[in-house]
Amino acid sequence: MKNFSPFVIPFTVGLIILLAACCIKWVRWYRHFTPVQKSQIRKNLISVNLIRALVESVNECLLHHRVFRRNLMLGYMHGSIALGWFLLIVTGAVEAGLEVHGDRHVWVAVFLRYFVHDPEAVCPYAGIFAQVMDSLLLVVLSGVSLAFVKSVYHKVVGMRKVTRHTAFDLFAKYSLWFIFPMRLAAESATASLYPNGGWLTDAVGSLFSVETARLMELPLWGLYSFSLGLFFASMPFSRYMHIFTEVPVIFFRRLGVRETDRRSGYTMYELSACSRCGICIDDCPLNRDLDHKTVQPVYFLRDIRYKRPQLETAEDCLMCGRCQVECPVGLDLISIRRQMRDRGTLDTAGTYDYLEKVKPFNAIGRVGYFGGCMSHLTPGITESMKKIFDAAGQKYWYMDENGSVCCGRPLYQQGFSVQAAELRRKNTRLIKDSGVKILITSCPICYQSFTKEYRLEGVKVMHHSEYIAGLIASGRIVVTRGDESITYHDPCELGRGCGIYDEPRKVLEASGRLLKTGQEREKSLCCGHNLGNTLISFEEQGKIRDSALSNLTAPAPDIIATGCPMCKKALGTGNDLKIMDIAEVVARRLIFS
Amino acid sequence: MKHNIVIIGAGPSGIEAAHCLAVSGEHVTVFEKMEDPLENLRNKAFLFPDFTSASELTETFRTKLQHPYITYRGGTSITDMERMDGRWVLTTDRGEKIDTDDVILATGYRPFDASRKEELGYGIYNGVVTSLDMEKMLLRGRVVNSIGDLPSRVAFLQCVGSRDSKVGNNYCSKVCCITAAKQAVEVKKLLPEAEVFIFYMDLRMWGQGFEEIYRSSQQDYGIRYIRGRISEAAGTFDGKVQIKAEDTLTGLPMKMSTDLLVLMVGMEPSEGTRMLAGRCGICGEYGFARSENRHLYDNVTSREGLYLCGSCKRPMCLEDVISDARSAAMELLKSR
Ligand code: SF4
Ligand code: SF4
Ligand code: SF4
């Protein structure tokens with residue numbers, strides 16, 4: 001056979017294993033998509049979303065834009081290897097297309113220099129190709145070197161902790177690292193014998209004597225092929241499967257596929273799309289404040305993927321969403337965590353009989369107000385809302401003043417999906433029967449539930465910060481601006497959960513002097529009392545809270561404001577700082593005309 | 001200016017210590033941040049366990065403070081103190097430096113700020129008051145609800161700000177159980193028709209005569225004790241307070257509306273105690289001042305010439321405060 005040498009066998013075998021395993025996995029997972037997910041894909045298949053997905057794939061899988069935003073060095077490390085290698089493959093294929101005619105086996109492009117000794121003779125651009133390929137190789141090598149430095153000195157890429165990998169992942173990683181130096185050595189050996197090198201391979205090749213080059217050429221190509229084969233064969237079973245799953249995840253997501261309450265085929269894609277980069281570790285409050293080392297998504301997803309999920313890991317998470325903001329793959333980490341907490345089948349018959357006693361109310365012409373269970377422990381908030389409604393001349397129906405029904409989200413987050421649905425059904429009926437067109441809530445937990453887990457068509461759900469901001473903007477209430485300084489705590493559920501960052505700030509700026517803090521908006525710190533975690537102790541919650549407080553108190557404000565009754569309680573625990581809800585801040589400064 | 005002994009704080013403990021030293025021939029200066037001494041005691045009506053009128057005691061202490069060897073400096077707070085060349089140098093809020101051999105810290109406690117337990121509605125609903133407010137009403141001899149009428153129901157809640165890790169105070173304040181029993185009896189004396197409830201975790205009737213008050217409050221005054229903490233309070237449209245609690249003896253949740261909810265607030269170290277104990281490096285748990293040894297040297301500190309007495313160390317009842325003040329004076333004299 002022309003253009004064949006036995007040394008290509010390891011590479012070829014590896015490639016076959018890789019492609020076969022990928023295909024099998026892809027097809028199997030796709031078959032486990034829910035009917036809704038599949039119909040989403042069909043519905044959006046021919047749309048501009050496809051182009052968006054393509055752009056995102058290039059941005060994230062090759063350029064690693066999100067990683068760059070986090071840390072330049074880390075971005076360079078990921079980007080140089082991914083993009084560099086990708087271009088090496090593409091350029092190599094093009095070059096092979098121009099230089100080899102007939103017998104163009106898959107391995108020919110990969111080992112081109114071995115098979116084409118005098119490229120200039122067949123292709124006028126061969127010289128340019130050689131220079132370009134060498135430069136690309138250097139880019140990849142620089143990325144690999146950085147990865148090596150990172151493994152001993154994490155700070156170089158701005159990480160405090162890095163992933164503790166399994167032995168198998170390490171094996172795959174080392175075979176990956178091995179590929180490029182081997183390629184350089186093999187091509188250089190050949191370049192010292194034939195005129196087919198570029199600037200780099202020529203330079204390295206000049207270090208070989210002709211005898212050594214003759215002796216070493218074949219073994220070096222063999223090692224190169226072997227490391228490629230090893231890496232390819234380990235890819236589908238190691239973290240490197242992410243290379244082949246990130247792109248489909250991006251496409252599915254762009255086509256409207258979302259995680260569901262139960263694990264689906266899409267979850268399987270997401271699980272494998274995690275590159276175990278470990279970026280989610282550093283900012284997790286459980287890591288930062290409590291040194292819980294095994295619960296972050298990187299480990300949690302790995303445990304599920306390798307079928308050794310730990311219930312404790314599933315439970316030990318605040319669901320604060322901080323990791324999700326950092327994850328460069330944009331995985332839906334919270335939903336996957338929730339799926340693992342599935343307690344829907346637990347028998348709770350009879351527990352919800354009391355729901356029947358809550359009677360409907362005709363509230364046509366009013367707005368609905370839902371304080372939420374937590375607001376019952378913070379009457380300062382609900383009383384302030386009453387004042388604000390009165391000042392705006394707004395008739396309202398305080399839906400859960402007596403005999404309240406929980407929105408269901410605390411149960412839902414703990415995996416009681418069926419039970420939560422029961423509460424949702426009741427509240428949905430109450431809301432629909434009441435005839436309200438606007439439902440306002442002071443609790444971001446309820447707000448997230450109403451907007452995402454309920455189907456309340458025809459009812460506009462608002463967090464009280466949105467509502468108050470609207471009242472101020474339209475002049476329905478007037479507040480005097482005081483000179484007290486305020487820092488604002490973004491509640492996880494409101495900020496990262498629902499993307500509401502601006503309205504609370506607008507309201508506070510209208511009432512006082514809003515100061516900036518070091519970590520705010522999507523980077524804000526959890527108050528530690530998020531309902532997501534029922535495992536950590538009161539003392540542990542306290543440590544997380546104190547971190548959040550040190551961020552909030554750093555600018556020495558007169559008032560710390562927040563928009564969540566839960567956060568308000570949490571932040572005020574064990575101290576006598578002045579913690580207020582935005583509704584209270586406003587209610588104190590109302591001017592009645 | 002030279003002073004032999006400075007006492008910071010003119011509550012019962014500061015005055016008692018000053019008086020003991022004065023009668024032993026020492027010259028003492030007493031600093032008090034308020035103009036008038038005995039801030040906390042003046043707001044009390046009757047004292048447990050024997051219902052002595054607090055004003056009697058106040059008068060006695062005022063007389064003691066008149067001793068010719070005592071210089072009283074009201075309205076002056078000490079903002080800093082430092083040990084220099086074997087003496088203490090104190091700084092007042094007027095920037096004055098006071099140089100003295102010995103200092104007795106009698107800076108006492110402050111009542112817990114009940115609005116920190118927001119779910120109980122203090123500062124939000126007028127029907128929710130603290131034990132201090134109740135004491136003032138008793139002092140005036142007139143207990144009224146939020147709209148100025150005589151209440152038909154009064155509920156007391158124990159352990160507000162004490163034994164509560166949520167506010168960071170895990171300790172028992174020691175005096176509020178018996179104070180609630182005492183106040184309940186007084187309310188009942190004023191308003192025999194009213195229903196009076198006391199919500200408690202457990203009752204700590206540790207002192208002489210306490211148990212008797214507790215028993216008589218039930219037998220003679222019909223006061224009802226319910227074991228369980230109140231989880232939340234909400235105002236009603238007619239100015240009452242609706243409370244939710246769990247009766248932990250029957251295991252049943254309960255709701256009740258009441259005219260007055262009285263929060264039995266605990267004791268926390270006063271600002272002065274926190275600050276000065278911190279400055280002197282004798283800050284103990286929860287911000288109270290720490291003595292050298294709870295058994296043998298409870299008035300002495302790790303700092304030479306610095307003594308402690310009274311509730312700057314921990315929650316104490318009046319009887320204990322007074323004995324403690326005497327023992328602090330004795331410790332100081334011993335070292336002379
Ligand atoms: S979950 Fe995201 S951030 Fe964490 S290791 Fe996986 S890819 Fe990286
Ligand atoms: S959601 Fe929060 S607590 Fe849970 S793993 Fe992510 S960062 Fe950590
Ligand atoms: S004395 Fe009674 S009311 Fe006061 S803290 Fe102790 S147990 Fe609670």
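The values are calculated or read from the model by the stated rules, or taken from the named source; none is laboratory data. Quantities reported herein were computed from a predicted structural model and do not represent experimental measurements. Here the Cβ positions follow ideal geometry from the backbone for every residue, glycine too, while neighbour counts run over all protein chains shown. The accessibility values were calculated without ligands, DNA or RNA, using every heavy atom of the protein model including side chains. Shrake-Rupley method; radii C 1.70, N 1.55, O 1.52, S 1.80 Å.
If you wrap region B:101-144's Cα atoms in a convex hull and average its projection over all directions, what's the area in nm²?
On the way: hull surface 19.4 nm².
One quarter of the hull surface, i.e. the mean projection, equals 4.8 nm².
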For the pairing of chain B with chain A, what total accessible surface becomes buried, with a 1.4 angstrom probe, in square angstrom to the nearest 100? 1200 Å²
Accessible surface of region A:478-591 [probe 1.4 Å, protein heavy atoms]: carbon and sulfur percent: 48 percent
Rounded to the nearest 0.05, FRET efficiency between A:Leu50 and A:Ala167 (Cβ-Cβ, R0 56 Å) equals 0.90
Mean accessible surface per residue for region A:261-340, computed with a 1.4 Å probe while every protein chain stays in place, in Å²: 29 Å²
Neighbouring partner chain Cβ atoms per residue of A:561-570, average, 10 Å criterion: 1
Give me the Å³ per residue figure for the convex hull around the C-alpha atoms of region B:143-183. 82 Å³
Across region A:261-340, what fraction of all alpha-carbon pairs, as a whole percent, falls in each successive 10 Å bin from zero upward? 20, 60, 20, 1
Pull out the extension gain between B:Glu193 and B:Tyr286, defined as 0.36 nm times the separation in residues minus the alpha carbon to alpha carbon distance; nm, one decimal. 29.3 nm
Using a cut-off of 15 Å between beta-carbons, work out the net charge of the residues near A:Glu60 (Lys and Arg +1, Asp and Glu -1, A:Glu60 not included). +2
Dipole moment magnitude, nearest 20 debye, chain A about Cα centre, only Lys, Arg, Asp, Glu C-beta charged: 1540 debye
Projected onto the charge dipole of region A:256-295 (unit charges on the beta-carbon of Lys, Arg, Asp and Glu, signs +1, +1, -1, -1), the Cα from A:Ile281, A:Tyr266, A:His292 with the largest positive-side position is that of A:Tyr266
Cα radius of gyration and Dmax for region A:421-560 (Å): 17.1, 48
Provide the net charge surrounding B:Asn145, with neighbours chosen by a C-beta distance below 11 Å and charges set as Lys +1, Arg +1, Asp -1, Glu -1. -1
Given the options A:Gly499, A:Leu19, A:Leu230, identify the residue whose Cα lies farthest towards the positive end of the charge dipole of the protein assembly as shown (+1 on Cβ of Lys, Arg; -1 on Cβ of Asp, Glu). A:Leu19
Residue list for region B:16-51, given a label point 7 angstrom along the Cα-to-Cβ vector of B:Arg94 and an amide N cut-off under 20 Å: B:28-38
Between A:Arg425 and B:Gln208, what is the label-to-label distance in nm when each label sits 7 Å out along the Cα-to-Cβ direction? 6.7 nm
When 1/r is averaged over all different Cα pairs and the result inverted, which Kirkwood radius in Å belongs to region A:30-136? 17.0 Å
For A:Phe148 and A:Leu207, FRET efficiency with R0 = 30 Å and r from the beta-carbon atoms, rounded to 0.05? 0.90
Looks like region B:1-48, by Cα gyration tensor root eigenvalues a ≥ b ≥ c and the a/c under 1.5 rounded cutoff (else prolate when a/b is bigger than b/c, oblate otherwise), is oblate
Does anything in region B:1-41 have its amide N under 16 Å from the 7 Å Cα→Cβ label point of B:Leu333, and if so which residues? B:5, B:15-28
Would you mind giving the mean number of other chain beta-carbons within 10 Å of the Cβ of each residue in B:113-120, as a whole number? 4
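Rounded to the nearest whole Å³, what is the per residue volume of the convex hull around the Cα atoms of region B:194-306?
172 Å³
With viscosity set to 1.002 mPa s at 20 °C, what whole-number translational diffusion coefficient in µm²/s follows for region A:6-243 from Stokes-Einstein and a Kirkwood radius over Cα pairs?
Stokes-Einstein gives a translational diffusion coefficient of 109 µm²/s.
How large is Rg/Rh for chain B, to two decimals, with Cα atoms and a Kirkwood Rh?
Details: Rg = 21.3 Å, Rh = 21.0 Å.
Here Rg/Rh amounts to 1.01.
What does the convex hull of the alpha-carbon atoms of region B:114-267 project to on average, in nm²?
Working: hull surface 34.5 nm².
It is 8.6 nm².
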What does the charge count near B:Ser13 come to, summing +1 for each Lys or Arg and -1 for each Asp or Glu among other residues with Cβ under 11 Å from its Cβ? -1
Over region A:478-591, what is the relative contact order in whole percent, taking alpha-carbon pairs under 8 Å and six or more residues apart? 36 percent
In 10 Å bins starting at zero, report the fraction of Cα pairs in region A:478-591 per bin as a rounded %. 15, 49, 30, 6, 0
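Treating the beta-carbon of each Lys and Arg as +1 and of each Asp and Glu as -1, no other charges, what is the dipole magnitude of region A:273-333 about its Cα centre, to the nearest 20 debye?
Its charge dipole is roughly 340 debye.
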Suppose we take every Cα in the protein assembly as shown and form the convex hull; what volume per residue is that in Å³? 231 Å³
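Applying 1/(1 + (r/R0)^6) with R0 = 60 Å to the Cβ-Cβ distance of B:Thr248 and A:Ile24, what FRET efficiency is obtained, to the nearest 0.05?
0.50
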Which residue, B:Tyr69, A:Val479, A:Phe33, has the largest displacement toward the positive end of the dipole of the protein assembly as shown when charges sit on each Cβ (Lys, Arg +1; Asp, Glu -1)? A:Phe33
Cα-centre dipole for region B:114-267 with unit charges at Cβ (Lys and Arg positive, Asp and Glu negative), debye to 20: 260 debye
When you look at the Cβ of every residue in A:382-390, what mean number of other chain Cβ atoms sits within 10 Å? 1
Once you put a point 7 Å from the Cα of B:Ser165 and another 7 Å from the Cα of A:Lys2, both along the Cβ direction, what distance in nm separates them? 8.0 nm
Distance between modelled label sites at B:Asp50 and A:Ala349, nm, 7 Å Cα→Cβ extension: 6.7 nm
Under Stokes-Einstein, region A:124-226 at 37 °C and 0.692 mPa s, with its Kirkwood radius over C-alpha pairs, diffuses with a coefficient in µm²/s of 217 µm²/s
Can you send over the carbon and sulfur percentage of the accessible area for region A:6-243, probe radius 1.4 Å, protein chains only? 72 percent
For the protein assembly as shown, what is the percent of antiparallel DSSP beta bridges, rounded to the nearest 5? 40 percent
Quick one: which residues, 5+ away or cross-chain, put their amide H under 5 Å from the amide H of B:Arg153? H built at 1.01 Å from N. B:Glu195, B:Asp259, B:Leu260
